[in-house]
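A short worksheet on the structure shown next.
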Amino acid sequence: MKRSSRFPLMMSLVVGVLVLGGLGLVLTQTPQGAAQTPAPLVTYPDFPPTPTVGPNPTAPAGLASSNVLFQSAFADTRALAEWQFVDQTYVIADLAAAWEVANGRLVQVGSGAARNPSSNEAAALVGAETWRDYTIRTSFYDEYNGVVGLIARYQGTEPTQSSYYRVRLFSTEHQVSPKVVLEKVVDGVSTTLAETKTAGFSPRTWHTLALSVQGANVQVQLDGQVLVAAQDTNPLPNGRAGLFTYAIGGIFFDDVAVTTP
Amino acid sequence: MRRYLLVLSLLALIGLSAQISPVSGQSNPQRQVEFTISNSNNHKFPGITAYNDKVYIGAGINSAGAGVKDLTRAWSWSLGDQASSVSWEAQIGAMDGYADYSSVAMAASSNGDIYAVWSSSKENRIYFSRLPSGGTVWEGRQTIASGRFMFFPQIAVYGSDIYVIWNQSSHPLSLMVRKNGNWSGPYLTQYNTYSVAASVATGPSGHVAISYSTQDLATAIAIFNGTSLSNTNLTGSARGADSSISIDANGKYYAAWRGLDSSGAYSGVFLGESSNGVNWSTRQLVSGDVKGGTVNVIVDGGGTLHLGWTALVSGSLRGYYTYRLPGQSNFMTAASTSTAPLFNSRMAISSGGRYAHLVAENHSNYPQKVLYTRFAGAPGTGISATPVIAGGANSVGVQGKTSISVSFTDLRVVQSNTYQVRWNWGSAPTDANPWQALSLANPTISVSVPNVTSCSSATLYTQIKDVTTGLVEVPAKTDSVVIDSDVQARARVSNPYVALASLSNTDSLAAELALSKGAVGAGDPLHTRIAVVYLDAYNAGDCSGVSSVTLSHNGSSGETYKLVNDRYQGFVPLPDLMNLVTGEWPVTITIQDGAGNTQETTIPIVFDDQAPVFSSVGTPTATPNPQADILQDLTFPNVVVSDNLYQNGTREFWGVWLANSTSIVGDPSTLNWISAPVEDVNSTTVRVRNWSLTAGLTEPLPTPGERTTYIYVRFLDGAGNATTATPLRIDVTSNFNPVKVNLPAVMR
């Protein structure tokens, strides 16, 4: 009786040793020159899961077609063709800001083919230089970039030498003041028209941002509230509209529309 | 069957745990300090290096603040590797460049020189400068290369050889080499580069390796053989970027890079290892969205592998650091920066791997500034040697010495490398303390005796240095010892019969002494009539204790007696007994303390075994004490006693031997003889004061009343030898009035 009751235990030990050996080999041996399947030899500290980018709740209702100069909901990658992407700081060709359309959004994904974050000032331009009085409005969701902006009356072919109105907003997590800057850039030289020391925008949630140019008046709205406004005694005459951010990546744009009053 | 499965499962679980659990004693890295360098406006691609326990940071800056994008100065900051703020800063040199293409890189040489290289992109120049070891002013900048748009320079140092690399857009990476003060190159990599920072590293025997990202986004390695670069593509195109490389003390190469995907098999951090730079083993360490610049890998002198990188985790771009101890496959759970978003980090290791220092662009500021983060690294890693003073003794005797031996244990070194050591009493060594060779085969050095008060503790600080790699042990190791520069002890040898007087019980004495009990207390302390002296040695405050005492005569080997509980008391033979003759017999006492210090004293002992000779005496008298005639002063005029050795002035006897008797006896030798010293009354008369008429008598004290006592007298020399002539006799009649004690009256 005793002999038969020990047998399963002995078998367990033998099989266990074989299993252990196999596991050890799998975990410690690596074929030369080949990347292994994921092996968590490095672990990150515990963080909350990455927040999910939910649906855009700020999508506008239908716009009157007579007022719309441009609109895009970035339904597919063909939407990219309507845009010109420029870097407003000096950049070499393979590090230019990279933009993609994904999940029905325009996404700033860093710079260059490697998609590294960069502090390049990145703009996405749309429209014609003849556009004069209009509002450019976008929904945006900032994951980790921290900077969002809009451009109006953009003129020029050399990004660092161009002229335009631009509003830049920083997130609440940015250690900067003021967090809203409305500026006029002439031939690449910036002058602040107005600024406010608000708390900035909250990251990881959807917002709407609008920049209106009407004659000499320039106004910025965040989520329907006027953030800052200015009157330019020597206004830029006309130009294209655009989105602005840094080429850090981590920011999504949706439902862009350019409308006239 | 269920039991079978249970056992199997448990075994498998144990096996898994054994494979992936960190070694006990390891601890996860911890973020210790993090701050933004306030005047590092607009910088890009900061550089960092460390030497010993100092950290040097470099970056291009523009002090004009926000909105000014071009950089005008290559700047440096320094701090201690455990500090929480910058302690020093200085301009390295001027620059004129676009922020994104005007970066500063730094490296430290094994002697503490700090080298910087930077791109001044609008000038199309690569500059180079040196901060001499311990200095505060950078030398004038030198142009290494010019005429092309060059950026992301990196630098490595081996001895006095300098290796500088830089990128050019859609062009191979360039390497310039400075040997013996002369620059050569550029040497070009096989592949054109993608425009991210590359990495250059040096190793033992002048190994030089470069890691870089090819234009089609592969991670490539280039090994420099002195005249050209041999290239290896580690990943294939579109599989890797942002690499770095490091070489360990044995010449093994480590490369790290990131995958380009945000998840899956081609995402995350990768590590490559190669013993020869040609055949590489690579593996994915962790998957996920790693982006934001170089994956930094550094292997320290002890073989610990350190990794620093930035990654998008939980929606934030943070910096991460972890390490892997030698022989392990798993890294510790990474620690992170608290600030985000960060990117373009560089890392340095200090104090032999104990601290990792990460600098990165902090884009939570506008304009961006340098974020510095220190992580506690791998405890106990890096080179190390523990000093042991005087073999580990608690105290060391330094009497008459100029140096102390120090050996080293627990060596954590690379056996094939060359090492030096420096030391200092009381504080960690500095550059003022010279390095000296340390043999790994016989790791022992001599250090000078510290200038401290005897019996005070002194702490020796030592640091070893791997000359091959330049790695210096930090912090310094210590050992403490009590410095004992003298002996605090007392010892004497004396006439054994004098010593007997202080002994309460002489019954157990050796026969030779016991037979002489009658002469207890007699004699001069420096004379002895037998070949024995009384030795008393004891600790009188020596911090090391007293271990032994040795008696010798005239250089004889002597006899050593161990102290028990810091004391020795006993009757011991005169030293050099075989040659003993009557006369002066100086005894040298050598006391040795616990630290080995010795103290030597010579006592002029006289060995005298010959009795003095009585010739004549005037009439002795006895004068009663006025208070009690039981006490009598005995006076001996004109004593003529001669002795061969004893002399006190003109007197050649030390004292008298007295015996009371209630009757006249035929053989006085049977009486109870008691020795007593005499005092000189004048040049011819001596006296014994207050001799008790009952001394030595065995019968009960008689009641007061007139009676006669017969006092027999012999004369003693210094050694206690008594005259052999018929004793004198003094007949004393007294009333035996005892000594009275008058108490004061008490009023109630």
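Each reported figure results from applying straightforward, stated rules to the coordinates on display, with no laboratory input. Note that the coordinates shown come from a computational prediction; the quantities given were computed from them, not determined experimentally. Reconstructed Cβ throughout: ideal geometry from the backbone, glycine too, with neighbour counts over all protein chains shown.
A compact table of results
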| quantity | calculated |
| --- | --- |
| Using alpha-carbon coordinates, inclination of helix B:2-20 to the longest axis of chain B, degrees | 90 |
| Order of A:Tyr90, B:Tyr98 - criterion: other Cβ atoms within 10 Å of each residue's Cβ, fewest first | A:Tyr90, B:Tyr98 |
| Fraction of alpha-carbon pairs over 48 Å apart in the protein assembly as shown - percent | 52 |
| The stretch A:192-236, relative contact order in percent, only Cα pairs under 8 angstrom and at least six apart counted | 34 |
| Extension gain (nm, one decimal) between A:Glu100 and A:Glu82, 0.36 nm per residue minus Cα-Cα | 5.2 nm |
| FRET efficiency, B:Ser160 to A:Thr50 (Cβ-Cβ, R0 51 Å, nearest 0.05) | 0.55 |
| Out-of-range pairs (alpha-carbon distance over 19 Å; input A:Lys184/B:Lys44; B:Lys69/B:Lys369; B:Lys44/B:Lys69; B:Lys44/B:Lys122; B:Lys252/B:Lys291; B:Lys54/B:Lys179) | A:Lys184/B:Lys44; B:Lys252/B:Lys291; B:Lys54/B:Lys179 |
| For B:Ser556, net neighbour charge (Lys/Arg +1, Asp/Glu -1) across residues whose Cβ lies under 14 Å away | -3 |
| Average beta carbon contacts from partner chains per residue of B:163-176, 10 Å cutoff | 1 |
| Cβ-placed point charges (K, R +1; D, E -1), dipole of the stretch B:28-376 about Cα centre in debye, nearest 20 | 60 |
| Descending semi-axes in Å of the stretch B:28-376, equivalent ellipsoid built from Cα gyration tensor | 25, 24, 20 |
| Fewest-first ranking of A:Trp131, B:Trp673, B:Trp75, using other Cβ atoms within 10 Å as the exposure measure | A:Trp131, B:Trp673, B:Trp75 |
| The stretch B:551-685: C-alpha pair distances exceeding 27 Å, % | 47 |
| Ellipticity estimate at 222 nm from DSSP helix runs (n ≥ 4, -39,500 (n - 2.57)) divided over the protein assembly as shown, nearest 500 | -2000 deg cm²/dmol |
| Two-site label geometry, B:Arg148 and B:Ala238: point separation in nm, points 7 Å out along Cα→Cβ | 2.8 |
| Set of aspartates and glutamates with alpha-carbon distance to A:Lys179 below 18 Å, sequence-local pairs under 8 removed | A:Glu121, A:Asp142, A:Glu143, A:Glu195, A:Asp223 |
| Whole-number percent relative contact order across the stretch B:28-376, with pairs defined as alpha carbons under 8 Å at least 6 apart | 15 |
| Computed label-point distance, nm, for sites B:Ser281 and B:Gln328 using a 7 Å Cα→Cβ extension | 1.8 |
| Residue order, fewest to most beta carbons within 10 Å, for B:Phe270, B:Phe607, B:Phe375 | B:Phe607, B:Phe270, B:Phe375 |
| Estimated FRET transfer efficiency when R0 is 45 angstrom, pair B:Thr623-B:Thr582 (beta carbons, to 0.05) | 0.75 |
| Projected-area average for the stretch B:384-484 over all orientations - Cα convex hull basis, square nanometres | 6.0 |
| Set of aspartates and glutamates with alpha-carbon distance to B:Lys401 below 16 Å, sequence-local pairs under 8 removed | B:Asp484, B:Asp486, B:Asp593 |
| Chain lengthening between B:Thr36 and B:Gln436 when straightened (0.36 nm per residue, less Cα-Cα) | 140.0 nm |
| Exercise: per-residue mean of other protein chain Cβ atoms within 10 Å, B:649-657 | 0 |
| Square roots of 5 times each gyration tensor eigenvalue, C-alpha, the stretch B:617-726, largest first, Å | 25, 17, 11 |
| Cα Rg, Dmax (largest Cα-Cα span) when computed across the stretch B:80-149, Å | 13.3, 42 |
| Cross-link reach list, aspartates and glutamates versus B:Lys477, counting only Cα pairs under 18 Å and skipping chain neighbours closer than eight places | B:Asp53, B:Asp81, B:Asp410, B:Asp431, B:Asp466 |
| Spin-label pair B:Ala90/A:Thr157, simplified geometry with 7 Å Cα→Cβ offset, distance in nm | 5.0 |
| Equivalent-ellipsoid semi-axes of chain B, from the Cα gyration tensor, Å, largest first | 95, 26, 24 |
| Averaged over B:94-104, number of beta-carbon atoms from partner chains that fall within 10 Å | 2 |
| The stretch A:65-259: proportion of alpha-carbon pairs further apart than 20 angstrom, % | 50 |
| Normalised contact order of chain B, rounded percent, pairs of Cα under 8 Å and 6 or more residues apart | 8 |
